[in-house]
Structure formats: structure tokens, C-alpha cells
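Single-structure report; data block below.
Bear in mind that the values in this text are calculations on the coordinates, not laboratory data. The structure presented is a predicted model; accordingly, all values stated were derived computationally and were not measured. Using ideal geometry, Cβ is built from the backbone for each residue, glycine included, and neighbour counts are taken over all protein chains shown.
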Amino acid sequence: MKIRKYIDEKTIEERVVRLAEEISVDYGDSEPIILSVLKGAFVFTADLIRKLKFMPKIDFIRVESYGSSTVSSGKVERKTNLTIDVKGKDVLIIEDIADTGLTIRYLTDYLKSLGARSIKVCVLLNKKIENKNIQIDYYGFEIENQFVVGYGLDFDQKYRNLPYIGILEKE
Ligand code: 5GP
């Protein structure tokens with residue numbers, strides 16, 4: 001597989017710093033619980049949280065919708081439980097990419113069912129898709145509808161360690 005560079009390291013870094021500033025200002029003193037969505041968001045989360053001006057509690061949740069394909073299965077499966085009680089708390093979801101929006105919708109519904117007080121969503125990449133109809137409060141970049149890898153995002157569990165976002169090109 002060939003990978004074409006799409007968003008480089010420096011561009012990502014600068015955008016992450018600005019996102020963290022925006023989030024820090026918006027939350028002020030009301031430190032939310034950060035919920036990072038595994039596996040794809042682990043790199044973005046690690047960079048973003050270190051630039052925040054507050055000290056959030058951080059939890060992880062693993063959900064799956066793609067399997068080893070490049071097309072969403074249309075079904076979201078939750079693989080783990082939370083380890084922090086979100087009842088009555090503000091929660092900020094950190095996700096790698098919003099594609100169809102199914103995962104975000106699933107997670108916001110799940111957090112509501114657990115009694116979260118408020119839920120906001122931060123994604124690094126927001127794919128341009130019509131009628132996505134989900135709430136996204138913060139995003140790093142809007143991208144075309146194509147399959148990307150790197151900076152946490154995989155294809156068949158590979159390429160997560162690329163420092164940039166790339167497009168997978170079948171040879
Ligand atoms: P959605 O539920 O919004 O359709 O998809 C969300 C999940 O699908 C993301 O968390 C991510 O794991 C995966 N996904 C969606 N688009 C891409 C993509 O372009 N590349 C990769 N590697 N994963 C994607």
C-alpha cells in the first residue's frame with residue numbers, strides 16, 4: 001500500500017494547540033471528564049490533553065464499527081465499560097474522525113443514559129458527508145470523504161504510528 005501525505009505534522013500540531021486553547025476557554029473552571037474513544041483517538045488525545053489549561057479526569061472507551069474493512073459496518077459495538085462515574089458530570093468526547101456520525105450518536109446516547117449533565121464532542125477530522133446530523137462542538141479539520149490513516153487512525157490495525165494523516169492508495 002502507498003500512502004500519500006494529506007495533513008502534515010506541523011499543521012496538525014498547530015491546530016491541536018488552537019483547539020486546546022478554545023476548549024480551555026470554553027470550559028473555564030468547570031473541568032469536564034474527558035472520554036477518549038479507542039483505539040483511533042489515542043494519539044490525538046495524548047497531544048490535546050497536554051495543551052489543556054485544566055486538569056481533567058480522563059477515561060477511555062473502546063467501540064468498533066469498521067472491523068478490518070474501509071467501509072463502516074453500520075453498527076457500533078461497545079467493547080469496554082467506563083471506569084469513571086459520569087452521572088451529573090460534564091463530559092467531553094474526544095474522537096479521531098466523524099464519518100457517518102454513528103459512533104458519536106451512539107456515544108452521546110450512551111452517556112445520556114448514564115446521566116451525564118452535558119456532553120460535548122471534539123473530533124480531529126470531520127468528513128464532509130451530507131445529512132450527518134450529529135453534534136460536533138470542536139473539530140480540527142474538515143476533510144473530503146476518503147479513507148485516511150495515521151496519527152492514531154489505522155487500516156487493519158496498521159499505520160497508527162504515522163505522525164501525519166495520509167491517504168491510503170491501492171497500488
Ligand atoms: P462513524 O461512526 O462516524 O461512521 O465512524 C467512526 C469511526 O470509524 C471512527 O472512529 C474510525 O475508527 C472509523 N473511521 C471512519 N472513517 C475513517 C477513515 O477514513 N480512516 C480510518 N482509519 N478510520 C475511519
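Values as computed for the structure displayed
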{"item": "Residue-by-residue Karplus 3J(HN,Hα) for the range 117-123, coefficients 6.51, -1.76, 1.60, Hz, glycine and proline x", "result": "6, 9, 10, 10, 10, 10, 10"}
{"item": "Anchor Lys57: aspartates and glutamates whose Cα lies under 14 Å away (excluding residues fewer than 8 positions away in-chain)", "result": "Asp29, Glu31, Asp85, Asp90"}
{"item": "Neighbourhood net charge (11 Å Cβ-Cβ; Lys/Arg +1, Asp/Glu -1) for Val86", "result": "+2"}
{"item": "By average C-beta atoms within 10 angstrom, highest first, the peptides 148-158, 6-16", "result": "148-158, 6-16"}
{"item": "The chain: angle of helix 102-113 to the longest principal axis, Cα-based, in degrees nearest 10", "result": "10 degrees"}
{"item": "Neighbour net charge for Glu77 - beta-carbon separation under 12 angstrom, K R +1, D E -1", "result": "+3"}
{"item": "The range 39-171, relative contact order [Cα under 8 Å, separation at least 6], %", "result": "22 percent"}
{"item": "Candidate aspartates and glutamates for bridging to Lys2, where Cα separation is under 18 Å - those fewer than 8 sequence places away on the same chain excluded", "result": "Asp154, Asp156, Glu169, Glu171"}
{"item": "Angle in degrees between helix 9-27 and the longest Cα principal axis of the chain, rounded to the nearest 10", "result": "20 degrees"}
{"item": "Amide proton proximity set for Lys39, modelled H, under 5 Å, gap of 5+", "result": "Val63"}
{"item": "Charge context of Glu9, other residues only, Cβ under 14 angstrom, K/R +1, D/E -1", "result": "-1"}
{"item": "Pairs beyond 32 Å (Cα-Cα), from Lys120/Lys170; Lys5/Lys39; Lys10/Lys53", "result": "Lys120/Lys170"}
{"item": "Global geometry of the range 1-146, whether rounded, prolate or oblate, following the gyration tensor of its Cα atoms and the 1.5 cut on a/c", "result": "oblate"}
{"item": "5 angstrom amide H check on Asp90, placed H, neighbours 5+ away", "result": "Ile33, Arg117, Ser118"}
{"item": "Largest-first principal axis extents of the Cα set of the range 1-43 (Å)", "result": "45, 23, 9"}
{"item": "For Ile143, residues with placed amide H under 5 Å, excluding near neighbours", "result": "Asn126, Lys127, Lys128"}
